[in-house]
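**Student:** Let me give you the structure first, and then I'll get to my questions.
The values are calculated or read from the model by the stated rules, or taken from the named source; none is laboratory data. Computed from a predicted structure; not experimentally measured. Positions of Cβ are generated from backbone atoms using ideal geometry, with glycine treated the same way; all protein chains shown enter the neighbour counts.
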Amino acid sequence: MSLPPAMDVPLSLDDPALVDRLRALSQRLLLECSKSIVGQREVLEQLLIALFAQGHCLLVGVPGLAKTLMIRTLADALDLSFSRIQFTPDLMPSDITGTDILQDDPNTGRRTFQFLRGPMFANVVLADEINRTPPKTQAALLEAMQEKQITVGGNRHRLPEPFFVLATQNPIEQEGTYPLPEAQLDRFMLDIRIGYPSEQEEYDIVERTTTATRPRIERVLTIEELTQMQELVRRIPAAPHVIRYAMNLARATRRDHGEVPDFIREYVTWGAGPRASQNLVLAAKARAALYGRPYTSTADVQAMAPAVLRHRIITNFNAEADRVRPDDLVRRLLDYLPRPDENDR
């Protein structure tokens with residue numbers, strides 16, 4: 001059964017049925033993904049939050065942590081088209097966006113240009129090791145991620161809806177890489193860090209993957225239902241104090257604007273822009289829906305702050321010398337800024 005259109009269903013605290021359904025389907029998605037993925041529940045939840053909030057993700061983790069398998073499994077469970085692009089130093093923009101090719105018309109004998117679609121034309125695009133390709137090819141993703149279209153030969157081509165970019169980076173090996181520019185990083189709603197599995201999880205991984213059996217992923221919901229859920233997330237209310245708290249978190253990272261903590265002035269070169277405030281609120285709304293609440297709290301903002309802010313804070317030499325990471329600064333900011341509603345945990 002599909003969700004009724006979000007525009008026709010008022011969302012209120014007295015009518016939580018739609019949010020309850022979103023939570024139930026989210027739990028089914030997580031359960032389906034667990035057939036192939038051992039552990040990593042928090043990572044999967046953050047992926048769902050970005051998906052429901054119509055955002056893109058940057059996944060950072062060492063090789064062998066099932067990043068590709070995780071994305072493919074999620075795409076299969078959502079019945080979404082999936083495309084994997086291996087970024088390399090010789091990859092050109094036309095290799096991912098597509099190009100115009102000259103073809104002969106057998107009826108008229110005239111030659112015309114026809115657009116040949118690239119791998120970007122998919123619902124879920126995995127940009128594997130995005131920092132291994134030059135900035136020219138990295139920039140080809142900018143228009144696609146922001147406008148959900150690409151321009152080739154002066155013609156605009158719409159990308160399929162929904163459109164979700166997942167880029168991966170290896171945090172260890174940096175030789176021969178091209179760091180993403182700040183403008184590119186800002187297009188990603190979340191920067192998700194993937195860690196090593198626990199001892200028991202690693203045992204389960206080895207046990208599962210060294211047998212002949214392969215799990216079968218069942219489809220949980222259709223594209224139409226997913227689109228309705230994305231609309232529903234945007235209809236979840238955020239009180240003015242929640243919006244202001246998210247905004248104050250982002251503004252507190254800007255060392256030259258207003259009153260900011262001393263540790264920000266000491267360690268930060270550039271802080272988060274207005275897109276961080278927007279993404280904090282949207283991610284908080286999606287998290288609230290994921291947990292079955294038809295309202296957003298500052299606790300949701302706090303939970304999503306590291307993933308939203310860590311890649312938008314540019315630290316300086318002092319931070320490098322003192323081994324202070326953006327995550328450390330976000331944690332200190334959460335302790336520094338008082339929450340306006342301490343009883344909503």
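**Student:** Can you list the helices (runs of 4 or more DSSP H) found entirely within the stretch 171-268 that contain at least 1 residues being closer than 19 Å to ILE37 by Cβ and free of Cβ contacts under 8 Å to residues at least 60 places away in the same chain?
**Tutor:** Working: elements: 182-185, 199-209, 223-235, 240-251, 262-267.
In the stretch 171-268, 199-209 are the helices (runs of 4 or more DSSP H) which contain 1 or more residues that are closer than 19 Å to ILE37 by Cβ and free of Cβ contacts under 8 Å to residues at least 60 places away in the same chain.
**Student:** Would you point out which residue out of ALA319, ALA289, ALA299 is part of a helix (DSSP H, G or I), within 17 Å of the chain's Cα centre (by Cα) and not basic (Lys, Arg)?
**Tutor:** On the way: ALA319 fails: within 17 Å of the chain's Cα centre (by Cα); ALA299 fails: within 17 Å of the chain's Cα centre (by Cα).
Of the residues listed, the single one that is part of a helix (DSSP H, G or I), within 17 Å of the chain's Cα centre (by Cα) and not basic (Lys, Arg) is ALA289.
**Student:** Going through the stretch 33-53 one residue at a time, which ones are within 20 Å of GLU199 (Cα to Cα) and assigned to a loop (DSSP other than H, G, I, E, B)?
**Tutor:** Selection gives SER34, LYS35, SER36, ILE37, VAL38, GLY39, GLN40.
**Student:** Take ILE101 and tell me if it is more than 25 Å from TYR203 (Cβ to Cβ), in a strand (DSSP E or B) and β-branched (Val, Ile, Thr). Full working, then the answer.
**Tutor:** Details: more than 25 Å from TYR203 (Cβ to Cβ): yes; in a strand (DSSP E or B): yes; β-branched (Val, Ile, Thr): yes.
Judged against the criteria, ILE101 is a match.
**Student:** Under the condition of being among the β-branched types (Val, Ile, Thr) and free of Cβ contacts under 8 Å to residues at least 60 places away in the same chain, which residue from the stretch 284-319 is surrounded by the most Cβ atoms within 10 Å (Cβ to Cβ)? Break it down stepwise before answering.
**Tutor:** First, the residues of the stretch 284-319 that are among the β-branched types (Val, Ile, Thr): 296, 298, 301, 308, 313-315.
Filter once more, keeping what is free of Cβ contacts under 8 Å to residues at least 60 places away in the same chain: 298, 301, 315.
Working: THR298: 24, VAL301: 26, THR315: 18.
So the residue we want is VAL301.
**Student:** Right, another one. Do we have PRO261 as surrounded by fewer than 20 Cβ atoms within 10 Å (Cβ to Cβ) and out of contact with any strand residue (DSSP E or B) (no Cβ under 8 Å at 6 or more places or on another chain) here? Don't jump to the end; show me each part of the working.
**Tutor:** On the way: surrounded by fewer than 20 Cβ atoms within 10 Å (Cβ to Cβ): yes; out of contact with any strand residue (DSSP E or B) (no Cβ under 8 Å at 6 or more places or on another chain): yes.
Yes, satisfied.
**Student:** Take VAL330 and decide whether it is at pLDDT 90 or above and either surrounded by 22 or more Cβ atoms within 10 Å (Cβ to Cβ) or within 19 Å of ILE243 (Cα to Cα) (or both). Reasoning before the result, please.
**Tutor:** On the way: at pLDDT 90 or above: yes; either surrounded by 22 or more Cβ atoms within 10 Å (Cβ to Cβ) or within 19 Å of ILE243 (Cα to Cα) (or both): yes.
Taking the combined requirement at face value, the residue satisfies it.
**Student:** When you go through (1) over 18 Å from the mean Cα position of the chain (by Cα); (2) under 26 Å from GLU182 (Cβ atoms); (3) modelled with pLDDT of 85 or more; (4) of a type outside the set (Lys, Arg) one by one for VAL260, which number turns out not to apply?
**Tutor:** The one condition VAL260 does not meet is (3).
**Student:** Among (1) among the small types (Gly, Ala, Ser); (2) in contact (Cβ under 8 Å) with a residue 60 or more places away in the chain; (3) in contact with a Phe, Trp or Tyr (Cβ under 9 Å, 6 or more places away or on another chain), which single condition is ALA144 missing?
**Tutor:** (2)
**Student:** If you check ILE71, ILE85, which single one turns out to be in a strand (DSSP E or B), assigned by TED's automatic domain parsing to the domain that holds GLU42 and not acidic (Asp, Glu)?
**Tutor:** Details: ILE71 fails: in a strand (DSSP E or B).
After ruling out the rest, the residue left standing is ILE85.
**Student:** Of the numbered conditions (1) in a strand (DSSP E or B); (2) modelled with pLDDT of 85 or more, PHE115 fails exactly one; give the number of that condition.
**Tutor:** Only one criterion in (1) in a strand (DSSP E or B); (2) modelled with pLDDT of 85 or more is unmet by PHE115, namely (2).
**Student:** Still on this model: Quick one: is ASP191 surrounded by 17 or more Cβ atoms within 10 Å (Cβ to Cβ), over 30 Å from LEU116 (Cα atoms) and at pLDDT 80 or above? Break it down into steps so the answer makes sense when it comes.
**Tutor:** On the way: surrounded by 17 or more Cβ atoms within 10 Å (Cβ to Cβ): yes; over 30 Å from LEU116 (Cα atoms): yes; at pLDDT 80 or above: yes.
Yes; evaluated as a whole, the condition is true for this residue.
**Student:** Can you name the residue in the stretch 194-242 that is among the acidic types (Asp, Glu) and within 24 Å of VAL165 (Cα to Cα) and is also surrounded by the most Cβ atoms within 10 Å (Cβ to Cβ) among such residues? Show your work before the answer.
**Tutor:** Here is the first cut: in the stretch 194-242, the residues among the acidic types (Asp, Glu) are 199, 201-202, 204, 207, 218, 224-225, 231.
Adding the requirement that they be within 24 Å of VAL165 (Cα to Cα) leaves 218, 224-225, 231.
Details: GLU218: 12, GLU224: 12, GLU225: 18, GLU231: 15.
Taking the candidates together, the pick is GLU225.
For every residue, the table says whether it meets (1) of a type in the set (D, E, K, R); (2) on the phi > 0 side of the Ramachandran plot; (3) surrounded by 14 or more Cβ atoms within 10 Å (Cβ to Cβ).
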| position | (1), (2), (3) |
| --- | --- |
| THR108 | no, no, no |
| PHE121 | no, no, yes |
| VAL125 | no, no, yes |
| GLN138 | no, no, yes |
| GLN146 | no, no, no |
| THR151 | no, no, no |
| ASN170 | no, no, yes |
| ARG187 | yes, no, yes |
